[in-house]
Every structure is written in structure tokens, then in C-alpha cells.
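The next block holds one structure in the form of C-alpha cells; read it before the comments.
The values are calculated or read from the model by the stated rules, or taken from the named source; none is laboratory data. The shown structure was predicted, so the numbers you read here are calculated from the model rather than taken from an experiment. Here Cβ is always computed from backbone atoms with ideal geometry, including for glycine, and neighbour counts include all displayed protein chains. To get the accessible areas, we keep the full protein, side chains included, count just its heavy atoms, and leave off ligands, DNA and RNA. Shrake-Rupley method; radii C 1.70, N 1.55, O 1.52, S 1.80 Å.
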Amino acid sequence: MYRPPCDSIIFDLDGTLWDASPTSVIAWSKTANDLGIDISIDEAAIKKVSGLPFDKCVDVLFDSHAEKVQDLRTLLDESEKNEILQRGGRFYERMSEGIRQLSREYKLFLVSNCQEWYLNAFFEHSGLRDAFQDTLCFGQTSRPKSENIKEIANRNSLKRPIYIGDTHWDQEAAFTAGAKFIFARFGFGSIQVSLMRRGEM
């Protein structure tokens, strides 16, 4: 197994550990239909905004409806919460086994732009809560991912953390936070190769 030169590994969630986009499609499409919003939401649309904070996802996918429709964000959040808690997401092949193996050799952490309930739902469905020494998400802090990575590093005295994610937003957040980055190419997004070559922002 490849052994990265680090003292800790911090994981992204969506597109890195699991894919919950089919479940999100069900929830968001149902809410749009109930509100009479004529909009098409599919897995590609969900994956396009994955990695962004919840409010930003709503702004991108619902455009002007995001401000015109009262309580849209609240209704979307409640609908998605109900579906995710019930259905969960699709775990990537051998993800659980890999996390367990890595946890025996490295300190593992999780930093995501998701809501707190979403993070808890992942742990409920995966049974991996005990494999991670600490976690932090946008829903807990309302701060950018780079700042949450820094906080995880600071409060756990991490000297050489590596962040694993699947989008250029993850790449930028890692470098801004002073962490190295590993690209999960099986995920939802892409990266900026020039930044990877320099290893810095």
C-alpha cells in the first residue's frame, strides 16, 4: 500500500468516501415538484455543486427561485435530511476496509462542507465514526473548508496533514490551509494540474 509522507490524513466526504447524489436527487426533485418549481435536477447537477456549502448549492441549482420561494432552503434541507437518513449513499468500493486499514497506521480526520446532520448520517450508515479522531463541517462552523482544515490541524497538533478530496475546491482549500493534497479521481470533479505541480496556491 502507498504510504504518503504525512502524520495524518484528512478526508473530504462527498465524492471521496461515498456518493449520495441519487438520494439527493430524490429529495430535491420532490421538493421542487411540491412547490411547483419547473426545474430539472439530476445526478450530474448534484455532482456539479458537490463540495460547495449548502446555501451555495441551492443558489446554483435553483437560480432565481432561491430568493423568490419562501423557506426553500429549509424545505430542501428537511427533505434531503429525511431521505439521507433513510437511504444513505453509495459507498465506494472497499472504502470501509481502506479506512479501517489506514486508521491503524495514521491519524484520520474528516472535513466537509456538509451540514452536521449529513455528517452524522454518514457515520450512522457506515459505522466508521470510531475510525476518525476528529471531524468538522461547514454546518458546525459556517466557515470555509480551508479554515476548518486549519482548525482540525491546530487543535490536533498536526504537522504534516494530507487532505484527500475530489474537486478543485478541495485542492484549493487544502493548499490554502497549508496541507498537501491527494486527488480522488473517481469522484465528482477535477483539479488544477498546475497547482499540483507546484504543490502550493
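Side notes on the structure shown:
- Those residues of segment 120-137 which are in a helix (DSSP H, G or I) and in contact with a helix residue (DSSP H, G or I) (Cβ under 7 Å, 6 or more places away or on another chain), in sequence order: A121, F123, S126, R129, A131
- Any hit, segment 147-156, residues being of a type in the set (A, V, I, L, M, F, W, C) and within 22 Å of G88 (Cα to Cα): no
- One residue alone among T31, T16 is β-branched (V, I, T) and in contact with a Gly (Cβ under 9 Å, 6 or more places away or on another chain), and that residue is T16.
- When each of N148, N156 is tested for being over 19 Å from G15 (Cβ atoms) and open to solvent by less than 70 Å² (accessible area, probe 1.4 Å), the lone residue that passes is N156.
- Applying the criterion of being part of a loop (DSSP other than H, G, I, E, B) and touching a helix residue (DSSP H, G or I) at 6+ places or on another chain (Cβ under 6 Å) to the residues of segment 90-119, the residue that is nearest to R155 (Cα to Cα) is N113.
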